[in-house]
Amino acid sequence: MSETILALRDARLTLAGNAGPVEILKGIDLDIRRGETLGLVGPSGSGKSSLLMLMGGLERATGGSVMALGQDLTAMDEDQLARFRRGNMGVVFQSFHLIPTMTALENVAVPLELAGVRDAFERAEAELRAVGLGRRMDHYPSQMSGGEQQRVALARAAAPRPAILLADEPTGNLDGVNGAAIMDLLFGLRDRHGATLVLVTHAPELAARCDRVVRLADGLVAGEERKAA
């Protein structure tokens, strides 16, 4: 049995709203094992993206615990969380979050440099070639299509060789052809680096590629299913 890499126990998230507190997640218990691919599905507003943000320490649980690689994310301050993410997690968003004044190569390499990686630009170049952007390294985001920008975001997430890859609707802003290509690349990066992959998706065909699918409804786990062996 492979080890648990992410563990949530009665994880809760309540945020302030205009009419008072809003309970987003109402007590999530979930174990994710090393090397697993997990799809989070459910209707809009069910808490999928919020749950992913808890796993990445991008939102702080207001109740319960979130453990990643044996570390309690709920006990860390913002600086500790940032350091932990930088060394252990790659995150891909629906919006690409690239720095517009940096080239593709710089967008991937600079975070590595900040993390103290000595071969930052060499590693960034290798990751961009791996996602098919060998000829676009010196281009800025405004000079690239949406699909190309998402490839840069994938390369940036994979370059630190993280143990955990988190993806929030990574094909949501792309057409069908580009979306399919991005998902092939994402699963390929997961296979190449041996990372655990957790992704939020509305696409049934994408969820079907995961080892396990967890369905959320109204801030709770409503069910799950595993891929047949």
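The values are calculated or read from the model by the stated rules, or taken from the named source; none is laboratory data. All values derive from a computational prediction rather than experimental measurement. Cβ sites come from the backbone with ideal geometry, for glycine too, and all protein chains shown count toward neighbours. Just so you know, the surface numbers come from the protein's heavy atoms only, side chains and all, with ligands and any DNA or RNA stripped out. Shrake-Rupley method; radii C 1.70, N 1.55, O 1.52, S 1.80 Å.
Observations on the model:
- Dipole of segment 155-229 [Lys/Arg +1, Asp/Glu -1 at C-beta], most positive-end residue of Asn173, Leu189, Val214: Leu189
- Taken per residue, the accessible surface of segment 136-214 reaches 37 Å², heavy atoms only and a 1.4 Å probe.
- Paramagnetic reach from Arg9 (point 7 Å along Cα→Cβ, amide N under 20 Å) across segment 31-50: 31-34
- For segment 161-229, the square roots of the Cα gyration tensor eigenvalues, ordered a ≥ b ≥ c, give a/c of at least 1.5 with a/b no greater than b/c, which places it in the oblate category.
- Heavy-atom surface analysis with a 1.4 Å probe gives the chain a carbon and sulfur content of 49 percent of its accessible area.
- Calculated [θ] (222 nm, deg cm²/dmol) that DSSP helices of n ≥ 4 give over the chain, each run adding -39,500 (n - 2.57): -10000 deg cm²/dmol
- Shape class of segment 123-181 from the Cα gyration tensor (axes a ≥ b ≥ c, square roots of the eigenvalues): oblate, since a/c reaches 1.5 or more and a/b does not exceed b/c.
- Excluding ligands, DNA and RNA, the accessible surface per residue across segment 12-74 is 42 Å² with a 1.4 Å probe.
- Most fluctuating residue given options Asn173, Asn107, Asn18, as computed from a GNM of the chain linking Cα atoms under 10 Å: Asn18
- A simple spin-label model places pseudo-atoms 7 Å from Cα toward Cβ; at Arg192 and Asn173 they are separated by 2.2 nm.
- Net charge over other residues, Cβ less than 9 angstrom from the Cβ of Arg215 (K, R count +1; D, E count -1): -2
- Charged side chains reduced to their Cβ positions (Lys and Arg at +1, Asp and Glu at -1) give segment 57-125 a dipole of some 120 debye around its Cα centre.
- About its Cα centre, the dipole of segment 153-203 is roughly 280 debye, where the only charges are +1 on Lys and Arg Cβ and -1 on Asp and Glu Cβ.
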